[in-house]
Amino acid sequence: MADAAVIEKLEAGFKKLEAATDCKSLLKKYLTKEVFDKLKDKKTSLGATLLDVIQSGVENLDSGVGIYAPDAEAYTLFAPLFDPIIEDYHVGFKQTDKHPNKDFGDVNSFVNVDPEGKFVISTRVRCGRSMQGYPFNPCLTESQYKEMEAKVSSTLSSLEGELKGTYYPLTGMSKEVQQKLIDDHFLFKEGDRFLQAANACRYWPAGRGIYHNDNKTFLVWVNEEDHLRIISMQMGGDLGQVFRRLTSAVNEIEKRIPFSHHDRLGFLTFCPTNLGTTVRASVHIKLPKLAANREKLEEVAGKYNLQVRGTRGEHTEAEGGIYDISNKRRMGLTEFQAVKEMQDGILELIKIEKEM
Ligand code: ADP
Ligand code: CIR
């Protein structure tokens, strides 16, 4: 059972959310008094409480979602809060639904979404993985971070061909190199206030780093939001090539590292928005006419289940008219379908832009 000090903080947090009438997060929407009272004294076997789940959304009232899972058990123990948020975010994935088995489908059926190179600047597909036997960020110790980094970097060093690369730890990386990698969209940013408030940045930069091949088309982020983020990206709109590279990388890495998978929720991740396939397929795209009004762009994108982000990713603005548009839902559909959802939607947006 959670101790008195935690429950006191939770009560204060709940009051703060209640008073925040402008707050549009899913946390605010689904943390009713009834759910709060049911969950406020619960504790996972690793000692995580409802406070670990909601503190990011309480501190950051501008969160879109506002919750994270401190460990795998949190998804079950705090299900009365996670389930409705999962259903809302992943567009109808109900408590009784089961995420389908992993299926990359016919990877040769994806196309270049912009063969003339008029709209799409670059294409990226990423997925997240959590290592079996380790909890998520708030419950990890410094030595676990280092142990995981050692396991992942030594495993990646056995990759060959196009996937062959080098692991660069954040510890010891110069600020200039780090900033250049961030500016070029290859590396995660530092000091994300949503992750910090979730206690996800402890011992930073210990155990964090990036692996990539020479031309930076295949990258793995280590111990940022998730244990692993596996990324394939390149300039232009050749989604087929980007996805084929990602699937071969994931298949190779899965042969070497056991990952946490849940019968109903699919691959487990720290944030509930990433569960299931964990796939976010995106393009960096310029749609000057459609994007003359960002609200309008978001409305049209929403019709195709697409999410609009700024140029530097989530919670950023568009720079030079460049938007990051990706599939929004990742659960209740296969990896193939998630990527197809992005492809179909982007083809439609380009068609609309051409007709304007
Ligand atoms: P994710 O959760 O997918 O890692 P973020 O929104 O934090 O997403 O973005 C991470 C980085 O990836 C950012 O620098 C962002 O600009 C970059 N990025 C996302 N999509 C693309 C793309 N299609 N082309 C180039 N960079 C991209
Ligand atoms: C929010 O609620 O806005 C942040 N906690 C991010 C939520 C979704 N994004 C993500 O998983 N990267």
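The values are calculated or read from the model by the stated rules, or taken from the named source; none is laboratory data. Predicted, not measured: the structure shown is a model, and the values here were computed from it. In this analysis, Cβ positions are derived from the backbone assuming ideal geometry, glycine residues included, and neighbour counts consider all displayed protein chains. Surface areas here come from the heavy atoms of the whole protein model, side chains and all, with no ligands, DNA or RNA. Shrake-Rupley method; radii C 1.70, N 1.55, O 1.52, S 1.80 Å.
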| said: Looking only at segment 84-121, filter to residues that are under 22 Å from the mean Cα position of the chain (by Cα) and open to solvent by less than 20 Å² (accessible area, probe 1.4 Å); which one of those is nearest to Phe259 (Cα to Cα)? | reply: His99
| query | Applying the selection to segment 274-307, what residues are of a type outside the set (D, E, K, R), touching a Lys or Arg at 6+ places or on another chain (Cβ under 7 Å) and closer than 27 Å to Phe136 by Cα? | reply | Asn274, Leu275, Gly276, Thr277, Thr278, Val279, Ser282, Gln307
| query | Only one of (1) within 24 Å of Phe267 (Cβ to Cβ); (2) outside any loop (DSSP other than H, G, I, E, B); (3) of a type in the set (Lys, Arg) fails for Arg202. Which number is that? | reply | (2)
| task | Considering each of Ala249, Ala206 in turn, give the residue that is within 19 Å of Ser158 (Cα to Cα) and either within 16 Å of ligand 2 (Cβ to nearest atom) or of a type outside the set (D, E, K, R) (or both). | result | Ala249
| Of all residues making up segment 297-336, the number that are over 19 Å from Phe270 (Cα atoms) and either of a type in the set (A, V, I, L, M) or touching a Gly at 6+ places or on another chain (Cβ under 6 Å) (or both) | 13
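Would you tally the residues in segment 1-30 being of a type in the set (A, V, I, L, M), surrounded by 13 or more Cβ atoms within 10 Å (Cβ to Cβ), within 19 Å of Leu77 (Cβ to Cβ) and over 22 Å from the mean Cα position of the chain (by Cα)? Can you show your working first?
Here is the first cut: in segment 1-30, the residues of a type in the set (A, V, I, L, M) are 1-2, 4-7, 10, 12, 17, 19-20, 26-27.
Of the ones still in play, those that are also surrounded by 13 or more Cβ atoms within 10 Å (Cβ to Cβ) are 2, 6-7, 10, 17, 20, 26-27.
With within 19 Å of Leu77 (Cβ to Cβ) added as a condition, the list becomes 2, 6-7, 10, 26-27.
So of that shortlist, the ones also over 22 Å from the mean Cα position of the chain (by Cα) come out as 2, 6-7, 10.
Residues that pass the stated criteria total 4.
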| Condition check for Val152: more than 16 Å from ligand 2 (Cβ to nearest atom), at pLDDT 95 or above, surrounded by fewer than 15 Cβ atoms within 10 Å (Cβ to Cβ) and outside any loop (DSSP other than H, G, I, E, B) | no
| Within the bounds of segment 278-288, is there any residue that is more than 11 Å from ligand 1 (Cβ to nearest atom), touching a residue at least 40 places away in the same chain (Cβ under 8 Å), open to solvent by less than 10 Å² (accessible area, probe 1.4 Å) and under 22 Å from Leu219 (Cβ atoms)? | no
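Among the residues that make up segment 157-177, is at least one of them of a type in the set (A, V, I, L, M), modelled with pLDDT of 95 or more, open to solvent by 60 Å² or more (accessible area, probe 1.4 Å) and part of a helix (DSSP H, G or I)?
yes
Can you name the residue in segment 307-343 that is in a strand (DSSP E or B) and touching a residue at least 40 places away in the same chain (Cβ under 8 Å) and is also farthest from ligand 1 (Cβ to nearest atom) among such residues?
Across segment 307-343, the extreme among qualifying residues is Asn327.
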